[in-house]
Each structure stands twice: as structure tokens, then as C-alpha cells.
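Student: Take this structure first; my questions come after.
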């Protein structure tokens, strides 16, 4: 999203905070489910999302169209938020879909926080991300835009049923069946990062050749916290192929201290 769409999303999030203040976990979860349903409709209907984001149409008229389309199909809190989104100025129609998805995700994570499940949801997202990363066929199916959403949803239901919380399942099912999915691992990583940021933390994805002890993890957490000036949460993966050292990724920044990387760099210098 560019600046104008980011500002529009910020306005919509403010409205979400107002509408959900003091809400219970079940109410927030129901709101998330309805907003995800709206996002699916907007994702599938190009004409509708263009109409709801058309800058040549008055904001009140766009909001009126949103109420006409979704009124009676979703509860008032969700309808109010969809109207709020329609009133904003978006750089492109696709941003409208991303905004509703973001609001739905925020509502689902708010439900997890209210119910004391946020840590568990974040852990389940990380673990499922490792499963997908380790299964090439599963990763390809979930990332293939030609695979019908219904087929992906059925597959996810089989994989997740009874193994993760309803909130985790809701998040994964809706994000991984979206028409915009390209790389399943990236989608899951971003979800995990959003969950961590809700607790005021950033995620450091650490790859080590051997398992790290509890003491080593605490030291690394402290070092990264001082480096980035904020609380850091580690998600550690063991990969013997890096030979030794650590590969650390925080957001888009990569710190590659692996032996494999150093050997590769040495090889390039020798070849040069």
C-alpha cells in the first residue's frame, strides 16, 4: 500500500478499536468471521470493489452502496466497518480487499488476546509454517492460485481440525485461500509477525545448525533486543546444512553468520 491507502487503513483501524472496545472474545471472533466473508466477496467481484473504491463517487454514496450490498447479510458492527472502509480514499481497488482482510485479522487476534490465547495462536502459526516449509507438495498446493479455494479450505480443515485453536484455524483458512496467495510460507510468517507485534514484540527467525540451549536463546534475545531497541521473540529452526553459526532474519533484514555463507563468500573471493 502507498501512503494514501495506509492512511485509509489507519482510519479504519481506529473505527475498529472504537467498535470493539470492551467486546468479548466470541463477539470479536464473529466479527472477524464476517469481515473475512466480506473480503472474499470483494476478492471475487472486481466490479464491486472498484465501485466501492471509485474516487469519483462521493464517500457517502460508496458507503450507501456497501450497506445496500451487505445489509442484512452481516451484523451491524461488521457493516459499520465495511461502510467506514468504503468512505476512505484508496490508491487502488485491491487495497480495499487487503484492508478488510487486515481488519478481520486484527479482530481475530483481539479475540485471542481477550481469551488469553495470543501466545498459543502465535506458536501454532509458527509450527504450521514449519510444516508447510518442510512439505514441498503442500506448499505448492497452498500457493497455487489455480487450485480452487474450496479445495484448499477442505485440505486445511483436514490438517488443522483438532490440532489448533479455532482462531488459528480461522486465520490460516482465510489467508491461505485468498486469491492473492503466492507463497504460503510467507503468508504464515506475516501472520505470525502480526501476532507478535500485537504483544509489542518483533520476531527474529533464527536458523541454527544445532539446537540452541535455553541459555543461548536468552543471550541471543538480549543481544538482538539491544541491537533493535525493542523486545524480540525468537523462532528457532534447526538446519544442519548451514554447518555452523546462525542465520537471523528480523523483518526484511538478514544477518547471515552461518559457516556455509562464509565459505561461499570465501569461494567467491578466491574465484575473483
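The values are calculated or read from the model by the stated rules, or taken from the named source; none is laboratory data. Computed from a predicted structure; not experimentally measured. All Cβ positions, even for glycine, are placed from backbone atoms using ideal geometry, and neighbour counts span all protein chains on display.
Student: How about segment 207-236: which of its residues are modelled with pLDDT of 85 or more, part of a strand (DSSP E or B) and closer than 28 Å to residue 117 by Cβ?
Tutor: Listed by number, the residues that qualify are 207, 236.
Student: Cβ-Cβ distance below 7 Å, separation of 6 or more or different chains: which pairs start in segment 1-17 with a residue that is more than 11 Å from residue 99 (Cβ to Cβ) and end on one that is at pLDDT 90 or above and not in a helix (DSSP H, G or I)?
Tutor: Taking only residues 6 or more apart or on different chains, the pairs are 2/91; 4/89; 4/91.
Student: Within the group 203, 187, 250, which residue is under 25 Å from residue 113 (Cβ atoms), at pLDDT below 85 and in contact with a helix residue (DSSP H, G or I) (Cβ under 6 Å, 6 or more places away or on another chain)?
Tutor: Result of the check over 203, 187, 250: 203.
Student: I've got another one for you. Can you find a residue that is assigned to a loop (DSSP other than H, G, I, E, B), in contact with a helix residue (DSSP H, G or I) (Cβ under 6 Å, 6 or more places away or on another chain), outside the structural domain of residue 84 (by TED's automatic domain parsing) and over 30 Å from residue 50 (Cβ atoms) anywhere in segment 155-164?
Tutor: yes
Student: Take residue 34 and tell me if it is in contact with a strand residue (DSSP E or B) (Cβ under 7 Å, 6 or more places away or on another chain), assigned to a helix (DSSP H, G or I) and under 14 Å from residue 83 (Cα atoms).
Tutor: yes
Student: Let me ask you something else. In segment 49-153, which helices (runs of 4 or more DSSP H) lie fully inside it and hold 3 or more residues that are within 14 Å of residue 176 (Cβ to Cβ) and at pLDDT below 95?
Tutor: Correct list: 118-133, 136-143.
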